[in-house]
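Enquirer: Right, I'll just put the structure down here and ask away after.
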Amino acid sequence: MTIRQLPDTLINQIAAGEVVERPASVVKELVENALDAGARRVDIDLEEGGVRLIRIRDDGKGIAADELPLAVSRHATSKIASLDDLEGVTTLGFRGEALPSIASVSRFSLSSRRIGEDRGAVLEIDGGRLGEVAPKPHPQGTTVEVRDLFFNVPARRKFLKAERTELGHIEEWLRQLALARPDVELRVSHNGKPTRRWKGEGDQIDLGLSDVRIGEALGEEFARNALRVDHSGAGLRLHGWIAQPSYNRASADQQYLYVNGRAVRDRSIAHAVKQAYSDVLFHGRQPAYVLFLELDPRRVDVNVHPAKHEVRFRDARLIHDFVYRTLNDALAQTRAGALPSAQT
Ligand code: ADP
Ligand code: MG
C-alpha cells in the first residue's frame, strides 16, 4: 500500500476509539461540556442504556450558529489557545476532540442558542457526514443528541453490554460528577421515566460538598460515619470526607478523588490514603472517601490521557506526604476521641 492521508471521518473514528468506550463516556464528555459552559442545570435523557439515545440539554452560554461546524471539527476548542493556556488549564475539556469523535460514531445533532442571540440553530451529523446549519428555536443553552451509538462501528457495538449494565456505568459517572458539583442540578430520565434528580444546592460549591448530597451519593451510612477533612499547606488544600475506620468496604467502590475538580485515578495518592488507614483497617478492607485536592493548575499536568482519567504531578512526593499526613492526623483524632481513658 502507498502512504495516504486518512479521511477526516476515519481520523475521528480512530480518536473515538480512545475517548468513546461506551455510552457512559459520551455522557461524561457531554456533561463536562455543559459544566464548562457554565450550566446551572443539565437534563440527561437516556433510552436503552444510552445506546439508543443520549440527550444532554444545558442552560449554559450556548454556541453561536456560525460556530456550530467548528464545535464539531477536530482540534477546535474555545478553551485554550496556547501552550501557556494548556499548562494553566482549569476547564474540564481542552482537546477539542469529544464532539467530532462522538459525531463520527453515531447519529448526532447539536442545537444551541448563544447567550445574547435571539435565534437558535441546529447542525446534524450522520456517522461523521456533516449536514448544513439550519435555524431552530432553542432556549439559551445547548442540546446534544446522540442516537444509535456505534451504529456504523459493528466491532465496537458488539462490546456493549446489557441495558442495565450500561445504565449502571452512566449512573456511576453521574454520581462522580454530582459529588464534584453540588451547585448544579442534574436531572436524569431513562426510557421516558425520571430516574434521578440531583438538586442544585445554590452556591454550595464555595462551602464544599454538603451532608445532603454526600448522603444521596454514597448513602446515609457513609454520611453518618464520615469525618470532614479540610487542611491547607504548601500551596495545597485537601478537603472532603473520609469514612471512620468502622465503616469500611470489601472493594474500592467508594473512593473518589478529584484534582482541581476533575475526577482522576492516582496510584500515589491512593497509596497515601491506604497508608494513613493501614493501622486502623483490617487487612483486605478498603477505606471509603471523597477527597478534593486543590493546587495551582501549573503544578499538575492534565494532558496525560485522552479521556483525562490520570494526571501527573510536578511534585508527586510532596503531595503524597501531604495527603498521608492530613488523613493520618484526622484519623488519629478519632482514635483519641474513641478512648475515654486518654482524656482527662
Ligand atoms: P473541548 O471540550 O475539549 O473544547 P469538545 O469537542 O468537547 O472539545 O467541544 C468543542 C467546543 O464546542 C468547545 O470548546 C466549546 O466551545 C463548544 N461546546 C461543546 N459543548 C458545548 C456546550 N454544551 N455549551 C457550549 N459550548 C459547547
Ligand atoms: Mg469537551
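Enquirer: Is it the case that some residue within the stretch 117-139 is closer than 23 Å to Lys79 by Cβ, surrounded by fewer than 18 Cβ atoms within 10 Å (Cβ to Cβ) and out of contact with any Asp or Glu (no Cβ under 9 Å at 6 or more places or on another chain)?
Expert: Scanning the stretch 117-139, I find at least one residue that is closer than 23 Å to Lys79 by Cβ, surrounded by fewer than 18 Cβ atoms within 10 Å (Cβ to Cβ) and out of contact with any Asp or Glu (no Cβ under 9 Å at 6 or more places or on another chain), so the answer is yes.
One line per residue, one yes/no per condition, for (1) among the β-branched types (Val, Ile, Thr); (2) free of Cβ contacts under 8 Å to residues at least 24 places away in the same chain:
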position: Ala243; (1), (2): no, no
position: Tyr247; (1), (2): no, no
position: Lys274; (1), (2): no, yes
position: Val300; (1), (2): yes, no
position: Arg312; (1), (2): no, yes
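Enquirer: Please work out if Ile80 is farther than 24 Å from Ile170 by Cβ, within 16 Å of ligand 2 (Cβ to nearest atom), in contact with a helix residue (DSSP H, G or I) (Cβ under 8 Å, 6 or more places away or on another chain) and at pLDDT 95 or above.
Expert: When the stated conditions are applied, Ile80 passes them.
Enquirer: Could we say that Asn260 is more than 27 Å from Val26 (Cα to Cα), at pLDDT 95 or above, of a type outside the set (Lys, Arg) and surrounded by 14 or more Cβ atoms within 10 Å (Cβ to Cβ) here?
Expert: Taking the combined requirement at face value, the residue does not satisfy it.
Enquirer: Which one of these is within 14 Å of ligand 2 (Cβ to nearest atom), surrounded by 16 or more Cβ atoms within 10 Å (Cβ to Cβ) and within 25 Å of Glu117 (Cα to Cα): Val26, Val89, Val72, Val19?
Expert: Sole residue among the options that is within 14 Å of ligand 2 (Cβ to nearest atom), surrounded by 16 or more Cβ atoms within 10 Å (Cβ to Cβ) and within 25 Å of Glu117 (Cα to Cα): Val72.
Enquirer: While we're looking at this one, here's another question. Among the helices (runs of 4 or more DSSP H) lying completely within the stretch 1-120, list those that include at least 2 residues that are under 23 Å from the mean Cα position of the chain (by Cα).
Expert: Correct list: 8-19, 23-36, 83-87, 98-104.
Enquirer: Quickly run through the stretch 172-184 and pick out the residues that are farther than 17 Å from Gln255 by Cβ and surrounded by fewer than 19 Cβ atoms within 10 Å (Cβ to Cβ).
Expert: The one that is farther than 17 Å from Gln255 by Cβ and surrounded by fewer than 19 Cβ atoms within 10 Å (Cβ to Cβ): Asp183.
Enquirer: Which numbered condition trips up Gly49, out of (1) within 9 Å of ligand 1 (Cβ to nearest atom); (2) under 29 Å from Leu160 (Cβ atoms)?
Expert: Checking Gly49 against (1) within 9 Å of ligand 1 (Cβ to nearest atom); (2) under 29 Å from Leu160 (Cβ atoms), the one that fails is (1).
Enquirer: Tally the residues that are free of Cβ contacts under 8 Å to residues at least 60 places away in the same chain, within 13 Å of ligand 1 (Cβ to nearest atom) and in contact with a strand residue (DSSP E or B) (Cβ under 7 Å, 6 or more places away or on another chain), restricting the search to the stretch 82-112.
Expert: The qualifying residues number 5.
Enquirer: Select from the stretch 315-344 the residues that are in contact with a strand residue (DSSP E or B) (Cβ under 7 Å, 6 or more places away or on another chain) and either at pLDDT below 85 or charged (D, E, K, R) (or both) and list them in ascending order.
Expert: The answer is Thr334, and nothing else.
Table: residues versus (1) farther than 18 Å from Asp296 by Cα; (2) surrounded by 14 or more Cβ atoms within 10 Å (Cβ to Cβ).
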| position | (1), (2) |
| --- | --- |
| Gly200 | yes, yes |
| Arg224 | yes, no |
| Gly233 | no, no |
| Pro245 | yes, yes |
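The values are calculated or read from the model by the stated rules, or taken from the named source; none is laboratory data. The structure displayed is predicted, hence computed values, not measured ones. Counting neighbours? That spans all protein chains shown, and the Cβs are built from the backbone with ideal geometry, glycine included.
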